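Peer 1: I am attaching a structure below and will ask some questions about it afterwards.
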Amino acid sequence: MQVNPSNFEISYYNSKSRQVLVLEMRKRKKRSPVGQSSAPDGFSAINKIKPPHLIALLWVLSTGIAGWKYFPMLDDWYWLVKPNIVPNRWSVVMDNYTTRPLGDLLNIGLFSRFWPHLDLLSLLISFIVLAAAAVFYQIARREFHLPVWGFVICLLWWPASVEGQQWLGAATFIAPGMLFLALGLHFIAAYRDGADDARRRLYWLSGFICTTAAFLSYEQFWFCGLAAVVALALRGKDRRWQGAAAGVLALAVTALWYLSMSPGAAAALAARKPPDSISAVLFNLNAVTRQLSEIWGPVTRSAFARPPLIVRSDFDLALLVLLITAFAVWLMAGEYKQSNVQKINPQKIVYLFAAGAAWLVLSYTPWLITSYDYISLRSVYVATPGIGLVVEGVICLVACLVNRLIGNTSLKNLLRTASMAALSFFFCYLVLIHVSEVRSYLIAGCFDTQVGQEITAALGKWGLTKEPVAIRTDKYGYLPWDFYYHEHIISSWASDWAGTDALYALSNGRLHNPIEIIRSDQEAEKLAANKKDKRAWVILTGRGEGTGIRKTFHLAPCLVIRYRAAWPVLEVEDAQTYN
């Protein structure tokens, strides 16, 4: 007998109501068995929570811990502040010869216009990083048929990658480039899988444009991006080479840009060209391998070994993060179990390792084939997709080994519970390290601004607008709890060019004083002996440290700035001027 759904609710008025009523009661029994009440609305809402929701929540917590407050550091003064003060903002691009053309244009034409509200720009960059991770997640999940949560966690919270995500001087180049590349790969995959010719042409064009945009944003995307485009295209059933051509043409356009520039136009631009001799190749190779061994050796160990200092100052936040990560790991483990990862094809594990290793190597290849031999820590963020694929391979490999080597079901469940607990704490640890690093950037940037304001006020008092300013400091950064590598959280007042741009910006273009960094008393004595050139002096010193060189070498006019540095404080305690 068939029951019309329209009669189902008005069964009391139907001649066959008894049978319909039985069906209605059976349906209710299925929904709510005897002795068990239906779930409250709160539990229904919890059941709807998925790992992506928790990932987004943790990202907001870890990047917005300071309310997205941001103070300029180093390159920020040049790229994000100076364009708003010089008569022609585009002169900043011309001065730099557009070594990263699209990144430069975005900084000058768009991102610098956020000044003085760099807090909003910091918020925007944070969401660009999250959006890039979301697109990469969709691609990896579709291609590998795995939950790929290990991949996503590495993409967002790998400890040594914070510089490329948080410091605007680096993130405004790399974060948009990551999003462009992710979108390019997404469109190439859509072109590969599409059926409608018109749509496929649109997908191909979109993939080509986004990939080219990534290559012109930052040179580290060149070869890992090309390899990813080609790999995705070749997995298709037809038009494989047409899809791969999008990546090849994108790299060709990028190469034409650099090769069309005159080698004498700027040293920075010429450095992006290939070495012109065997000795230059060997010299460059030595410099690059030395820096890579430092980044992936001592620096990475320091990044992981750093205590999450935020626990000291905000234990409640740490506890909240632990609860969220534990819930997230539990949900993620359920997805891995549902995907039957413990019985995955070993060939897929090999593919994960190979793809991850290839991305890692190719992301650093530009330094091996050009004369540019300076590798910043921001480069780690570009390498994180490769790290994530390797980690995903490790997860699959461990799950397979446990399934094959341990037959006892109870022992398997025990190991699963123990591993979930351990991974919850480790995930929490990664998030808290990120939180501490974000706070460190805020503290260091705020201190730079405080010092700059003191120097600006002193120069105004002395009436010096063009004379050199010699800063006596033996430190590159003033955070005793952090590690240092190249420009990682170093002070603007440890750099002559950054300090010069900072003074110019903080004085709204009034001060054109060149900054000189003095690292030793011997340098200070030699410079002080030159009475022909008038200069101002600044001595940066910690609490309890001496300032005897001011009297010994008769440094005048002189500004002595004393500061206090102890987590979570780095601040100017006292500033005195001497004429």
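The values are calculated or read from the model by the stated rules, or taken from the named source; none is laboratory data. This one's a predicted model, so the numbers in the text were calculated from it and none came from an experiment. Cβ sites come from the backbone with ideal geometry, for glycine too, and all protein chains shown count toward neighbours. Please note that ligands, DNA and RNA were not included when accessible areas were found on the heavy atoms of the full protein model with its side chains. Shrake-Rupley method; radii C 1.70, N 1.55, O 1.52, S 1.80 Å.
Peer 1: Can you run phi through the Karplus equation (6.51, -1.76, 1.60; θ = phi - 60°) for region 247-259 and list ³J(HN,Hα) in whole Hz, with x for Gly and Pro?
Peer 2: Here the 3J(HN,Hα) series is x, 5, 5, 4, 5, 5, 4, 5, 4, 4, 4, 6, 5 Hz.
Peer 1: Using alpha carbons only, how many degrees (0 to 90, rounded to 10) separate the axis of helix 278-294 from the longest principal axis of the chain?
Peer 2: Approximately 70 degrees, to the nearest ten.
Peer 1: Considering only C-alpha atoms, what is the centroid distance from region 464-537 to region 353-396, in Å?
Peer 2: 35 Å
Peer 1: For the full complex of protein chains and a 1.4 angstrom probe, list 311, 431 by accessible area with the highest value first.
Peer 2: Numbers: 311 50, 431 0 Å².
The most accessible residue leads, giving 311, 431.
Peer 1: Ignoring ligands, DNA and RNA, what percent of the accessible area of the chain is carbon or sulfur (1.4 Å)? Show your work: numbers first, answer last.
Peer 2: Numbers: 16680 of 27120 Å².
Solvent-exposed carbon and sulfur of the chain make up 62 percent of the total.
Peer 1: Using the Cα centre of region 442-575 as origin and beta-carbon charges of +1 (Lys, Arg) and -1 (Asp, Glu), tell me which of 520, 458, 509 is placed farthest towards the positive end of the dipole.
Peer 2: Result: 458.
Peer 1: Mind checking the dipole of the chain: about its Cα centre, +1 per Lys or Arg Cβ, -1 per Asp or Glu Cβ, Debye to the nearest 20? Each step should come with its number before you reach the end.
Peer 2: Numbers: 55 positive and 40 negative charges, 457 e Å.
With only Lys, Arg, Asp and Glu charged at Cβ, the dipole is about 2200 debye.
Peer 1: May I pose another question? Could you tell me whether region 103-213 comes out rounded, prolate or oblate from its Cα gyration tensor? Rule is a ≥ b ≥ c as square roots of the eigenvalues, rounded for a/c under 1.5, then prolate if a/b exceeds b/c, otherwise oblate.
Peer 2: Details: a/c = 3.06, a/b = 1.42, b/c = 2.16.
The shape class here is oblate.
Peer 1: Something else now. Rounded to two decimals, what ratio of Rg to Rh does region 208-255 give with C-alpha atoms and a Kirkwood Rh?
Peer 2: Working: Rg = 10.2 Å, Rh = 10.4 Å.
A ratio of 0.98.
Peer 1: Also, I was wondering about something else. Points 7 angstrom from Cα along the Cβ direction at residue 520 and residue 249: gap in nanometres?
Peer 2: 5.8 nm
Peer 1: Another question, if that's okay. Do me a favour and compute the ellipsoid semi-axes for the chain from its Cα gyration tensor, root of five times each eigenvalue, largest one first, whole Å. Kindly include the intermediate steps, with their values, before the conclusion.
Peer 2: Details: eigenvalues 546, 187, 112 Å².
Calculated on Cα positions only, the semi-axes equal 52, 31, 24 Å.
Peer 1: Next up: Taking the Cβ-Cβ separation of residue 56 and residue 296 as r and a Förster radius of 30 Å, what is the calculated FRET efficiency to the nearest 0.05?
Peer 2: Given R0 = 30 Å and the Cβ-Cβ separation, E is 0.55.
Peer 1: Once the Cβ-Cβ distance between residue 320 and residue 127 is put in as r, and R0 is 30 Å, what FRET efficiency do you end up with, to the nearest 0.05? Show your work: numbers first, answer last.
Peer 2: Numbers: r = 21 Å, r/R0 = 0.70.
The pair residue 320/residue 127 has a calculated efficiency of 0.90.
Peer 1: Another question about this same structure. What full-extension length gain, to one decimal in nm, is calculated for residue 289 and residue 422 as 0.36 nm per residue of separation minus the Cα-Cα distance?
Peer 2: Working: separation 133, 0.36 × 133 = 47.88 nm, distance 3.43 nm.
Going from the current span to full extension adds 44.5 nm.
Peer 1: Pop the C-beta distance of residue 282 and residue 486 into the FRET formula with R0 = 25 Å and round what comes out to the nearest 0.05. Before the final figure, lay out each step's value.
Peer 2: Values: r = 22 Å, r/R0 = 0.89.
It comes to 0.65.
Peer 1: Additional query: Quick one: give the max-minus-min coordinate of the C-alpha atoms of region 166-218 along each principal axis, largest first, in Å.
Peer 2: Extents along the principal axes: 42, 16, 10 Å.
Peer 1: Follow-up question, since we're still on this one. Past 31 Å, Cα to Cα, is the threshold; run 50/343; 237/412; 50/237; 69/526; 82/526 against it and keep the listed order.
Peer 2: Working: 50/343 24 Å; 237/412 40 Å; 50/237 33 Å; 69/526 41 Å; 82/526 33 Å.
Going by Cα-Cα distance, 237/412; 50/237; 69/526; 82/526 fall outside the 31 Å limit.
Peer 1: Another question, if that's okay. Which residue, 122, 497, 485, has the largest displacement toward the positive end of the dipole of the chain when charges sit on each Cβ (Lys, Arg +1; Asp, Glu -1)?
Peer 2: Selected residue: 122.
Peer 1: Please tell me the relative contact order of the chain in percent, rounded to the nearest whole number, where contacts are Cα pairs under 8 Å and at least six residues apart.
Peer 2: On the way: 823 pairs, mean separation 93.9, N = 579.
Relative contact order comes out at 16 percent.
Peer 1: Another question about this same structure. With everything on Cα atoms, drop me the angle between helix 118-144 and the longest principal axis of the chain, reported from 0 to 90° to the nearest 10.
Peer 2: 40 degrees
Peer 1: Something else about it: Give me the angle, in degrees from 0 to 90, between the Cα long axis of helix 197-217 and the longest principal axis of the Cα atoms of the chain, rounded to the nearest 10.
Peer 2: For helix 197-217, the angle is close to 30 degrees.
Peer 1: Next question, about the same structure. Taking every alpha carbon pair in region 136-270, what does the distance histogram look like in 10 angstrom bins from 0, in percent?
Peer 2: Per 10 Å bin, starting at zero, the Cα-Cα P(r) for region 136-270 comes out as 12, 37, 33, 15, 3, 0 percent.
Peer 1: Taking Rh as the Kirkwood radius, which is the inverse of the mean 1/r over Cα pairs, what is the Rg/Rh value for region 442-575? It would help to have the intermediate numbers written out before the result.
Peer 2: Details: Rg = 14.1 Å, Rh = 15.0 Å.
Result for region 442-575 is an Rg/Rh of 0.94.
Peer 1: Which distance in nm do the two modelled labels at residue 238 and residue 195 give, with both placed 7 Å along the Cα-to-Cβ direction?
Peer 2: With each label placed 7 Å out from Cα toward Cβ, I get 1.2 nm.
Peer 1: May I ask you to evaluate 6.51 cos²θ - 1.76 cosθ + 1.60, the Karplus curve with θ = phi - 60°, for each residue of region 77-82 and list the ³J(HN,Hα) values in order in whole Hz, giving x for glycine and proline?
Peer 2: Per residue, the Karplus-derived 3J(HN,Hα) values read 4, 7, 7, 10, 10, 4 Hz.
Peer 1: Normalised radius of gyration for region 83-163, please: alpha carbon Rg relative to 2.2 N^0.38 Å, two decimal places. The partial results should precede the final answer.
Peer 2: On the way: Rg = 17.2 Å, N = 81, 2.2 N^0.38 = 11.7 Å.
In units of the 2.2 N^0.38 Å rule of thumb, it is 1.47.
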